[in-house]
1. If we scan the range 267-287, do we find a residue that is in contact with a Gly (Cβ under 6 Å, 6 or more places away or on another chain), closer than 20 Å to Ala32 by Cα, crowded, with 20+ Cβ neighbours inside 10 Å and not assigned by TED's automatic domain parsing to the domain that holds Gly343?
2. Residue pairs, Cβ under 8 Å, 6 or more apart or interchain, first in the range 249-264 and in a loop (DSSP other than H, G, I, E, B), second among the polar types (S, T, N, Q) and surrounded by fewer than 22 Cβ atoms within 10 Å (Cβ to Cβ). List them.
3. For the range 220-256, what are the residues that are surrounded by 19 or more Cβ atoms within 10 Å (Cβ to Cβ), basic (Lys, Arg) and at pLDDT 95 or above?
4. Taking Arg321 as the residue in question, decide whether it is surrounded by 14 or more Cβ atoms within 10 Å (Cβ to Cβ), within 25 Å of Leu483 (Cα to Cα) and in contact (Cβ under 8 Å) with a residue 12 or more places away in the chain.
5. Show me the strands (runs of 3 or more DSSP E) entirely contained within the range 31-84 in which 2 or more residues are closer than 25 Å to Arg268 by Cβ and touching a residue at least 40 places away in the same chain (Cβ under 8 Å).
6. Inside the range 118-147, can you point out the residues that are loosely packed, with under 15 Cβ neighbours inside 10 Å and hydroxyl-bearing (Ser, Thr, Tyr)?
7. Can you find even one residue in the range 417-432 that is free of Cβ contacts under 8 Å to residues at least 60 places away in the same chain, in a loop (DSSP other than H, G, I, E, B), within 31 Å of the chain's Cα centre (by Cα) and surrounded by 13 or more Cβ atoms within 10 Å (Cβ to Cβ)?
8. Counting residues that are within 16 Å of Met183 (Cβ to Cβ), which strands (runs of 3 or more DSSP E) fully inside the range 108-169 reach at least 3?
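The values are calculated or read from the model by the stated rules, or taken from the named source; none is laboratory data. From a predicted model like this one, the values you see are computed outputs, not experimental measurements. Neighbour counts are summed over all protein chains in view; Cβ atoms, including those assigned to glycine, are modelled from backbone coordinates with ideal geometry.
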Amino acid sequence: MFCVLRRARWLTPVVLLGCGDAQLGNSQAGEATTASAVASCQALGEGESLVGVSPEGEAWVEGDAGMRHVSPDGTSTPVDARFTRSDELIAWDASLAFVVGDNSLWNATFAGSEPLSLPPELGKPRFICGDPRNADGSFVATTRGLFERRNDVWMQWGLPVELIESMEIRDLQGACSGQEPVMYLEAQQSLWEIRYGETASFREVADLTEMAGTAPDVRVGFVALRDGELIRFDGEGWVEVPFDEGRVTRMSAADGVLWASIGSELYRRDRFERWEHLQTGTSPVAVSVLKSYAAGSAWIVKSGALCHIEHRETLRVSGVRPYEHLAEGSTVSFRVSGDPAMGSALSARLDGRGLSVSGAAGSWTVTGANALGSGWHTLALDVGAPEGVVRRTVKFMVEGAVEGSPPPMPVATTSWERDIRPLYEASCALCHAEGSTQEFLGSYEAFSALGQRALDLVSRAEMPPASAAGMAEPLTAAEVELLETWVQEGMNP
């Protein structure tokens, strides 16, 4: 079916979600420490190139001999591609990708590739995001414009005709957007914002002239590379991302983690805005391709070799994809994997409620996520590791005409006034009191705004800093657990 969606004539300013670039007033936010990462490389074949990476790290490679899938452990599997060549590929998971090729949209799997039928009125596809097989939650850019699938109907957005030829969708690891119904296009050297759902709007938000390596990310923001500098769009304009190590040549962003290369050297900024210079042991040849993925690691190409860069903070999840739209009534189960050195005590919560976890260090099965109501859900994972707690969250949607009632939250056992304020006064007030040179954290509003970020910093013993030893009390294990409980219970006043 086919109908036209009229573009709203009102424009509502929307701030691109992202984090600030100063870590609790850290003046060394752009400096990198040295860390190691495991690199595994294999030679690329004749004419081969890296064309896509899934959120959990499966790479899709295409060349003169056809297409193949490469898992993070280096296993290569041929893909039965029935198209001549891919023009655009969205790597979905370990066995599936959506491909634009031969003027058609394809569902590519190990077993075979089948064309996905689109109404002829849409024209020839050029870019895709989301799962076009679902009734909702996908967009396709074609030779005739931009089309959204909603309630099993393809609807056309009334965009200016002059934008169509250069229009490219900027997806979030295959999804069109995060929890907020906002997606981004690039056209005519500008960044355009699409807000869809109950209110529809389309607006130009930023100039992309002389920009390179653009990438959207819900946590970081829309990131770009300009004349060797990393910058991000904060909803009003471009701001610099602190980085003191040199002029960047390649960049990539996924799930709050920012990657950059300078020639042959590789750098990674984690979700807490700390840069690391990764020692990978790869050849001293410039990185020509850099693609990171949501689980926490990345793929690079240098000197005819495809290399997987495994970071110690990588947590892979199978069973659901970031920002995936599931059909109403779906039942999900999760498999989680990571470095066995992390330890065996994985904690898993869905919408704040604990799930059952079984398995050994580095390989877990998570159960108990049955009968999910419609609406957005959050899977939160954390596991102890030698260098601190590793955490990951995955948000996904269950479709439905009426959102189901969320499960009741546990009865609160902690509060800011009774439990957390004393921790602040003993361990944080020295540097974060009103009038100090660091960010003020002495009120409920200020401290709760940090939430999970504050928990992560104290879990890693980075706050209070070593320089405050003897003046500020470090948190004990019991106090860290108390702070974690407060965060999990919703940070009650």
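1. Step one: of the range 267-287, the residues in contact with a Gly (Cβ under 6 Å, 6 or more places away or on another chain) are 271, 286.
Now restrict to residues that are closer than 20 Å to Ala32 by Cα: 271, 286.
So of that shortlist, the ones also crowded, with 20+ Cβ neighbours inside 10 Å come out as 271.
Cutting the leftovers down to not assigned by TED's automatic domain parsing to the domain that holds Gly343 gives us 271.
Yes: one or more hits.
2. Gly263/Thr249; Ser264/Thr282; Ser264/Ser283
3. Arg250
4. Working: surrounded by 14 or more Cβ atoms within 10 Å (Cβ to Cβ): yes; within 25 Å of Leu483 (Cα to Cα): no; in contact (Cβ under 8 Å) with a residue 12 or more places away in the chain: yes.
Against the criterion (surrounded by 14 or more Cβ atoms within 10 Å (Cβ to Cβ), within 25 Å of Leu483 (Cα to Cα) and in contact (Cβ under 8 Å) with a residue 12 or more places away in the chain), Arg321 does not qualify.
5. In the range 31-84, 32-36, 38-43, 49-53, 59-63, 66-70 are the strands (runs of 3 or more DSSP E) which contain 2 or more residues that are closer than 25 Å to Arg268 by Cβ and touching a residue at least 40 places away in the same chain (Cβ under 8 Å).
6. Thr143
7. yes
8. Numbers: elements: 113-116, 125-129, 138-142, 145-150, 153-157.
In the range 108-169, 125-129, 138-142, 145-150, 153-157 are the strands (runs of 3 or more DSSP E) which contain 3 or more residues that are within 16 Å of Met183 (Cβ to Cβ).
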